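The values are calculated or read from the model by the stated rules, or taken from the named source; none is laboratory data. None of the values given here were measured: they were computed from a predicted structure. Cβ placement follows ideal geometry from the backbone for every residue including glycine, while neighbour counts extend to all protein chains displayed. These accessible areas exclude ligands, DNA and RNA; they are computed on the full protein's heavy atoms, side chains included. Shrake-Rupley method; radii C 1.70, N 1.55, O 1.52, S 1.80 Å.
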Amino acid sequence: MCVWLAICWIRNPVQELRNKRAVPPRTLRLMSEVSRRSVLRGVGGGLIGLGGLQALLNSGSALTPPSGFLDVEERESLASLLQEQRPMTPERDRGPFAFLGAPYRGKVSPAMCSGKPMVVHGQIFGHDSKQPLTDARLEVWHADAAGQYSMDKRGDYRARLLADESGYYEFETIHPFQYQLGPNRWRSPHIHFMIAASGYKTLVTQLFFDGDPMQDDDFLFREELKMPVERRQVEGKELEVVKFDIVMEPGTGIKELRFGEVF
Ligand SMILES: [Fe+2]
């Protein structure tokens, strides 16, 4: 019984090939049984010992099909199917510098893009508990240094991020530029956030930057969402650092999704 279960467990490339070619289920079942009986005969007259089974498992990633069972086209397809199987990656010592619990960090802007570098970080809290949330997820997106949004699958200036077990998140990007939506309808530089956490309403909001002159003309600007911009010199270049803590409302669903927050 154990031997039969072990044989059933072995990955059957003939079965995979039949599945790919959408052969009717009844035919598939019959071919599979024939294949296994043939393998049993070939390995030990219908009885595989543990040593034989181990040798079979060690011999490769799949069983060799019995001769005469597949036509030419099927053999060629099976050969390409076997080539798709990849060997497992070897292990190596993790070395003396490894430690568990590296920080959660993200990068929202694409590599080598133009713009003023910026790091945004903060902590996510529950309004009821006043404690950091341990499982918060963020989605972040913003315009580039010319005020343009990427809308293709590359997802430039967009990222999904995880906060760590203390609710902390951090990402690197560039300072977004302003843009115009229509006559007398401007958007000052901002970063969009959508934050989700278990037991809390998903929050859709935006981050604004203190000192930006465009905010007086921004019809979606909110004073409470404006954060100070700290400027640091790093190897002769200026780096902007912005702290944006977020407080979530208990419940389910989306907290608030008003017209305009998608801009
Ligand atoms: Fe926007």
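How large is log10 I(q)/I(0) at q = 0.11, 0.19, 0.25 Å⁻¹ when the Debye formula is applied to the Cα atoms of the range 183-259, each weighted equally and without solvent? Log-scaled intensity ratios, in q order: -0.39, -0.89, -1.15.
Taking amide H as placed 1.01 Å from N in the peptide plane, Ala136 has its amide H under 5 Å from the amide H of Ala163, each at least 5 places away in sequence or on another chain.
Near the amide H of Gly126, within less than 5 Å, lie the amide hydrogens of Gln131, Leu133, Met248, all on another chain or at least 5 residues away, with H placed in the peptide plane. The calculated FRET efficiency for the pair Arg231 and Asp93, based on their C-beta separation and a Förster distance of 51 Å, comes to about 0.75.
Annotation: Ser129 carries an accessible surface of approximately 50 Å², with a 1.4 Å probe and no ligand, DNA or RNA atoms counted. Against the criterion of solvent-accessible heavy-atom surface with a 1.4 angstrom probe, Trp141, Trp186 sort, most first, into Trp186, Trp141. What's the center-to-center distance, using Cα atoms, between the range 124-149 and the range 208-233 in Å? Cα centres, the range 124-149 to the range 208-233: 17 Å.
For the pairs Lys130/Lys237; Lys153/Lys226; Lys116/Lys243, flag any whose C-alpha to C-alpha distance is greater than 26 Å. The answer is Lys130/Lys237; Lys153/Lys226.
For the range 145-162, 3J(HN,Hα) computed residue by residue from phi via the Karplus equation (6.51, -1.76, 1.60; θ = phi - 60°) reads 6, 10, x, 10, 9, 7, 10, 9, 6, 5, x, 4, 6, 9, 6, 9, 9, 10 Hz, glycine and proline entered as x.
Positive end of the dipole of the range 98-210 (Cβ unit charges, origin at the Cα centre): among His121, Gly199, Tyr179, the Cα lying farthest that way belongs to Tyr179. Of the listed residues Val242, Val247, the order by accessible area with a 1.4 Å probe, largest first, is Val247, Val242. Backbone N atoms of the range 222-257 closer than 14 Å to the 7 Å Cα→Cβ label point of Lys116 belong to residues 227-234, 237-242.
Segment His127..Asp245, full-extension length gain: 41.3 nm, with 0.36 nm per residue of separation and the alpha-carbon distance subtracted. Our coupling estimate for the range 209-217, obtained by passing each phi through the Karplus curve with A = 6.51, B = -1.76, C = 1.60 and θ = phi - 60°, is 10, 4, x, 7, x, 6, 5, 5, 9 Hz, Gly and Pro reported as x. In the full protein context, the range 166-206 carries 37 Å² of accessible surface per residue, based on a 1.4 Å probe and ignoring ligands, DNA and RNA. Shown are Arg187, Arg94, whose ranking by accessible area with a 1.4 Å probe and every protein chain present, most to least, is Arg94, Arg187.
Computed with every protein chain present, the accessible area of Asp128 is close to 90 Å² [probe 1.4 Å]. In this simple spin-label approximation, Glu172 and Ala102 carry label points 7 Å from Cα along the Cα→Cβ vector, and these lie 1.3 nm apart.
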